[in-house]
Amino acid sequence: MFGLFGSDKPYNDAMEQYQNNMNQAQGVQQPWLQAGQGAIGDYQKWLRGQQNPSGFINNLMKDYQQSPYNQYLQQESQNAGINAASASGLTGSTPFMQQQQQNAGNIAQGGMNDWLKNVLGINTQYGEGQQNLMKGGQTSANALSGLFQNNGLNAAGSTFGAGQARDQDMSNLFGWIAKMFFK
């Protein structure tokens, strides 16, 4: 708006520029904010799955299948044992059978432990990934809060400045009129 002696247009132009900058900054932060918000539910679900460690492990183990490599190792161990027992005349003996069972059990247990370590490692990485998404989202939310606060302060300053400009215009007008009539 134009006054007799000035204008509040500079304040309105400044406010428009603040708003444009705010919209750009918000657009940059928005994907991070949304990723963080999306991770909250997934992270909470993941945490609930960790509440009962035994149930969690049992749930994982139901999907375990022995690897072809472990099956190969067991077969090789069995063949080597049979060959050794045959050479020493112990085939079919109790100590031979016990050793065969122990070897097969050790190989099976080692394969299962390796599988479980890998699955638990992946599970941990998943939880950490969700946590990192939430942290990024929180950082973005904090940045947006700061931007909104600064934009609000700038808007208030521009509104105040525009009001001051109008008041000054009126004061100047009355001062000019007073000089004209009271010289």
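The numbered conditions (1) farther than 30 Å from Ser158 by Cβ; (2) touching a residue at least 40 places away in the same chain (Cβ under 8 Å) are all true for Asn12 except (1).
Flag set for Gln44, criterion: farther than 30 Å from Asn154 by Cα and either loosely packed, with under 15 Cβ neighbours inside 10 Å or of a type in the set (Ser, Thr, Tyr) (or both). Quick check: anything in segment 116-123 of a type in the set (D, E, K, R) and either part of a helix (DSSP H, G or I) or closer than 30 Å to Gly27 by Cα (or both)? Scanning segment 116-123 turns up at least one residue that is of a type in the set (D, E, K, R) and either part of a helix (DSSP H, G or I) or closer than 30 Å to Gly27 by Cα (or both).
Is it the case, given these coordinates, that Gly163 is loosely packed, with under 14 Cβ neighbours inside 10 Å, modelled with pLDDT of 70 or more and among the small types (Gly, Ala, Ser)? Break it down stepwise before answering.
Numbers: loosely packed, with under 14 Cβ neighbours inside 10 Å: yes; modelled with pLDDT of 70 or more: no; among the small types (Gly, Ala, Ser): yes.
It is false that Gly163 is loosely packed, with under 14 Cβ neighbours inside 10 Å, modelled with pLDDT of 70 or more and among the small types (Gly, Ala, Ser).
Residues in segment 40-81 that are part of a helix (DSSP H, G or I) and of a type in the set (Gly, Ala, Ser) were compared, and the one that is farthest from Gly105 (Cα to Cα) is Gly41.
Going through (1) surrounded by 14 or more Cβ atoms within 10 Å (Cβ to Cβ); (2) in a helix (DSSP H, G or I); (3) more than 50 Å from the chain's Cα centre (by Cα) one by one, Gly36 falls short only on (3).
Can you find a residue in segment 144-160 that is in contact with a Leu (Cβ under 6 Å, 6 or more places away or on another chain), at pLDDT below 90 and surrounded by 14 or more Cβ atoms within 10 Å (Cβ to Cβ)? Working first, answer last.
Going residue by residue through segment 144-160, those that are in contact with a Leu (Cβ under 6 Å, 6 or more places away or on another chain) are none.
No, there is no match, as no residue in segment 144-160 is in contact with a Leu (Cβ under 6 Å, 6 or more places away or on another chain), at pLDDT below 90 and surrounded by 14 or more Cβ atoms within 10 Å (Cβ to Cβ).
The values are calculated or read from the model by the stated rules, or taken from the named source; none is laboratory data. It should be emphasised that the depicted structure is a prediction, and the values quoted were computed from it without experimental measurement. Virtual Cβ from ideal backbone geometry, glycine too; neighbours counted across all protein chains shown.
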